[in-house]
Each structure stands twice: as structure tokens, then as C-alpha cells.
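See structure below.
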Amino acid sequence: MRTWSIGLLFLIFTSCTTALIPGTDKVKVTREQALVTGCKSLGFVDAEPRFSTPNDARNEMKNKTAILGGNVLFVTNSSMKATGVVYSCDSSVAAKIP
């Protein structure tokens, strides 16, 4: 019974994980506004608080960044409702973001 319960909990927690879509490998993430100076803003993104892992909000916003055609996500808030701004930056600027 205990094994079954642990398996069920594992399934519940992993089934809600936000998977990355193709193109997100090119998306850089920063919290430093100075790094996006001179980049073109493409819009705002957010992630609702239904996360099962700490990376779910980040992954959801990275997916939305890729869909909008951006290559940099500037995270403005990462508390209960994560928010950010999508930017399109020159590759030389994006390369400077860790």
C-alpha cells in the first residue's frame, strides 16, 4: 500500500511539470534590466501559480518567449504570479547573458 501511495504522489507531482517546447534552448533568462537595454520589447508574459516544481514558472515563460519570437526573457517578478518581458536582442547582446 505504501509503495502504491508513493507512486501515486510521484505521478501527481510530475504530471503537471511544464515541458519546454522547441526553440527555448535559444532563450536566455535575466533579472538584470541593464542587459536588455537596446533590445526590442515584444510583449509581456506571465505564469499562473499552479506549479509543481520551481522551474515550472520559468519554463512556462520561456515557452511563451519562444512563441513570441524572443530570445531573452527579463523576469520582473517570480513570486506567486511570475511575470516577465520578452525581448528580441542582437545575438551579441544575448551572448553576454549567462
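Counting the residues of region 67-84 that are more than 13 Å from Ala47 (Cβ to Cβ) and buried (at least 20 other Cβ atoms within 10 Å of the Cβ) gives 4. Restricting to region 50-66, and then to whatever is at pLDDT below 95 and of a type in the set (Lys, Arg), can you tell me which residue is surrounded by the fewest Cβ atoms within 10 Å (Cβ to Cβ)? Step by step, filter region 50-66, then rank; the result is Arg50. Screening region 1-39 for residues that are in a helix (DSSP H, G or I) and of a type in the set (Ser, Thr, Tyr) and picking the one that is modelled with the highest pLDDT gives Thr24. Examine region 28-37 for a residue that is of a type outside the set (S, T, N, Q), surrounded by 13 or more Cβ atoms within 10 Å (Cβ to Cβ) and over 13 Å from the mean Cα position of the chain (by Cα), and state whether such a residue exists. Yes - at least one qualifying residue is present in region 28-37. Within the set Val72, Val45, the sole residue that is within 19 Å of Ala34 (Cβ to Cβ) and among the aliphatic types (A, V, I, L, M) turns out to be Val72. Residues considered: Thr65, Thr53. Of these, the only one that is of a type in the set (S, T, N, Q), in contact (Cβ under 8 Å) with a residue 12 or more places away in the chain and not in a loop (DSSP other than H, G, I, E, B) is Thr65. For the criterion of being at pLDDT 95 or above, in a helix (DSSP H, G or I) and either small (Gly, Ala, Ser) or surrounded by 10 or more Cβ atoms within 10 Å (Cβ to Cβ) (or both), Leu42 fails. Within the set Leu68, Leu35, the sole residue that is farther than 16 Å from Thr18 by Cα and either touching a Leu at 6+ places or on another chain (Cβ under 9 Å) or among the charged types (D, E, K, R) (or both) turns out to be Leu68.
The values are calculated or read from the model by the stated rules, or taken from the named source; none is laboratory data. Only a predicted model underlies this, so the values are computations on that prediction, with no experimental measurement involved. Reconstructed Cβ throughout: ideal geometry from the backbone, glycine too, with neighbour counts over all protein chains shown.
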